[in-house]
1. Any residue in the stretch A:114-143 that is more than 30 Å from residue C:142 (Cα to Cα) sitting within a Cβ distance under 8 Å of a residue that is open to solvent by less than 10 Å² (accessible area, probe 1.4 Å) and at pLDDT below 95? List the pairs, counting only those 6 or more apart or interchain.
2. When you go through A:38, A:10 one by one, which is the residue that is among the small types (Gly, Ala, Ser) and touching a helix residue (DSSP H, G or I) at 6+ places or on another chain (Cβ under 9 Å)?
3. Hey, among B:74, B:83, B:106, B:70, which residue is under 18 Å from residue A:52 (Cβ atoms) and in contact with a His (Cβ under 9 Å, 6 or more places away or on another chain)?
4. Check off (1) away from every other protein chain (no Cβ under 14 Å); (2) in contact with an Asp or Glu (Cβ under 8 Å, 6 or more places away or on another chain); (3) among the small types (Gly, Ala, Ser) for residue C:23 and give me the number that stays unchecked.
5. Give A:69, A:63 a once-over and let me know the one that is facing chain B (nearest Cβ under 7 Å), open to solvent by less than 10 Å² (accessible area, probe 1.4 Å) and either under 30 Å from residue B:143 (Cβ atoms) or assigned to a helix (DSSP H, G or I) (or both).
6. Just for the stretch A:107-125: of the residues that are of a type in the set (A, V, I, L, M) and open to solvent by less than 30 Å² (accessible area, probe 1.4 Å), which one is farthest from residue A:79 (Cα to Cα)?
7. Look at residue B:131 and say whether it is more than 15 Å from the chain's Cα centre (by Cα), over 20 Å from residue A:52 (Cβ atoms), assigned to a strand (DSSP E or B) and polar (S, T, N, Q).
8. Against the definition (buried (at least 22 other Cβ atoms within 10 Å of the Cβ), touching a residue at least 24 places away in the same chain (Cβ under 8 Å) and within 30 Å of residue A:128 (Cβ to Cβ)), how does residue A:95 come out, yes or no?
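The values are calculated or read from the model by the stated rules, or taken from the named source; none is laboratory data. From a predicted model like this one, the values you see are computed outputs, not experimental measurements. Neighbour counts run over all protein chains shown; Cβ positions are idealised from the backbone, glycine included. Accessible surface is based on the protein model in full, side chains and every heavy atom, while ligands, DNA and RNA are left aside. Shrake-Rupley method; radii C 1.70, N 1.55, O 1.52, S 1.80 Å.
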4 protein chains.
Amino acid sequence: MSPTAQGPAGFEARTRASFAKQGIMAHLGATLEGVAPGRVEIALPYRPELSQQHGFFHAGVVATVADSAGGYAGFTLFPEDAGVLTVEFKIHLLAAADGERLVAAGEVIRSGRTLTVCRFDAWVDKAGQRTHCATGTQTLMSLIGRAGVKG
Amino acid sequence: MSPTAQGPAGFEARTRASFAKQGIMAHLGATLEGVAPGRVEIALPYRPELSQQHGFFHAGVVATVADSAGGYAGFTLFPEDAGVLTVEFKIHLLAAADGERLVAAGEVIRSGRTLTVCRFDAWVDKAGQRTHCATGTQTLMSLIGRAGVKG
Amino acid sequence: MSPTAQGPAGFEARTRASFAKQGIMAHLGATLEGVAPGRVEIALPYRPELSQQHGFFHAGVVATVADSAGGYAGFTLFPEDAGVLTVEFKIHLLAAADGERLVAAGEVIRSGRTLTVCRFDAWVDKAGQRTHCATGTQTLMSLIGRAGVKG
Amino acid sequence: MSPTAQGPAGFEARTRASFAKQGIMAHLGATLEGVAPGRVEIALPYRPELSQQHGFFHAGVVATVADSAGGYAGFTLFPEDAGVLTVEFKIHLLAAADGERLVAAGEVIRSGRTLTVCRFDAWVDKAGQRTHCATGTQTLMSLIGRAGVKG
């Protein structure tokens, strides 16, 4: 899925509006960095509130940011009145998420009418060095015309 | 894996001590409910800070709590000096996580010297009704004698 | 999902007819053992033609039988004119699949209009002892009224 | 993982020797096409013996070939005396595997002392057109000095 392909009209504004409604993103401190058709990037600075027992980013926090990156990557290609839900995802923790900042990128592999498949990756930055700390895949569902699930 | 099997000496205290070190659990508001050998339960009351864009628990929040439930289920069976890391997990979101409270339970399927496989499930309670909202499986790694990863 | 619940009329005959059309099942030597609403069991005797490099059942062979067991478990609950396709699955190889016979069972966790989620497990029998060698989960899609994909 | 990186001495001969021992590859009709450090490709011509109920390649057959492609991709980077076992894998079926020939490629994402993570993809060729029909990820374990699991 080429990140330079043209998305549906208004996709970036819709994606940013939906992201702003995710209470957990503000609670973690995550910000929406890049929004292109079929590709979304989210960043999250480290705080002790995000840690697992050894002081690294918790696997679930990495998964939360990666799931939103993939979910919104799919969402950028959806028609205007569609909502997005995650059907399932799998994540590999490739290395300890030990860093000052986490970056996750989601990318559409296949965009379908009902189901979309995405890949996501995450990296941690520490002392100027970037480590690939997670990768995974995800199935999304597009919901059209269901009350309460637009966006 | 029978939850009534006897775990290693001190397993419950070690599990509770490690859980208390996960900054993200306090930040979300999650509490460790049940700790048995090979089985752990975690609960999380709803707050808008935990939501995705439609106001339900975010899939990543469900995953965070489920990953910790599974991780600690495996940890209860580890020897005293071992740390636990998640290698990978997969989660199915079976229904919208729309409720006042989320409960996740992790259970060991196979406990090995290096790798442990767990299953986890999550439910939401709403107006006295419980809905099975997630299920998944997980691979854990036991780390022995590595500085910084005990517990 | 209770395996004693009543399935749609004719579910067993439809399941057996569809299984008989899977060329790979005969090629491997797999047989449909149990068919109940929401639960299907398949067996496969060992032959060197099914091996990986150490002489055990190949992980892909275990996956093939497990995928069909789960797929048909879901199919038993589908309406008469629906076809079934696997959207994705994940499998854990819990132990070397070293045995004279492989048995796989699939079970519906959640049956929906479009998507169904199943769990599957596999065991190997060797010298009278049964070993749990695989477990996993699967997303199925129900296809209604599409030419070429009935059954 | 760059496919042009130099692998351990003798990696290609060891990989081809191990592949030749997988009874299922000959039984399906699969051939080892490309072997580079961290990347392996396998091809499989269509036969009715490989089908699911609609006449396409069975999802389990796609998974078998993809699992071997990923497994051998990891194996190319292992030391001489190590064996490889699949810990788990997940596969997405992106499109009906309707074609004359299936090609699967596995690629190492992270190669570790004990665990290796790979990605695999599969395509079907039909009437001169190639369709991306599957993608997934896999965890492998390197086994050193265990009787019966070399290669």
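1. Listed pairs, sorted by first residue: none to list.
2. So the residue among A:38, A:10 that is among the small types (Gly, Ala, Ser) and touching a helix residue (DSSP H, G or I) at 6+ places or on another chain (Cβ under 9 Å) is A:38.
3. Within the list B:74, B:83, B:106, B:70, the selection yields B:83.
4. Among (1) away from every other protein chain (no Cβ under 14 Å); (2) in contact with an Asp or Glu (Cβ under 8 Å, 6 or more places away or on another chain); (3) among the small types (Gly, Ala, Ser), the lone unmet condition for residue C:23 is (1).
5. Sole residue among the options that is facing chain B (nearest Cβ under 7 Å), open to solvent by less than 10 Å² (accessible area, probe 1.4 Å) and either under 30 Å from residue B:143 (Cβ atoms) or assigned to a helix (DSSP H, G or I) (or both): A:63.
6. Checking each candidate, the answer is A:124.
7. Against the criterion (more than 15 Å from the chain's Cα centre (by Cα), over 20 Å from residue A:52 (Cβ atoms), assigned to a strand (DSSP E or B) and polar (S, T, N, Q)), residue B:131 qualifies.
8. Against the criterion (buried (at least 22 other Cβ atoms within 10 Å of the Cβ), touching a residue at least 24 places away in the same chain (Cβ under 8 Å) and within 30 Å of residue A:128 (Cβ to Cβ)), residue A:95 does not qualify.
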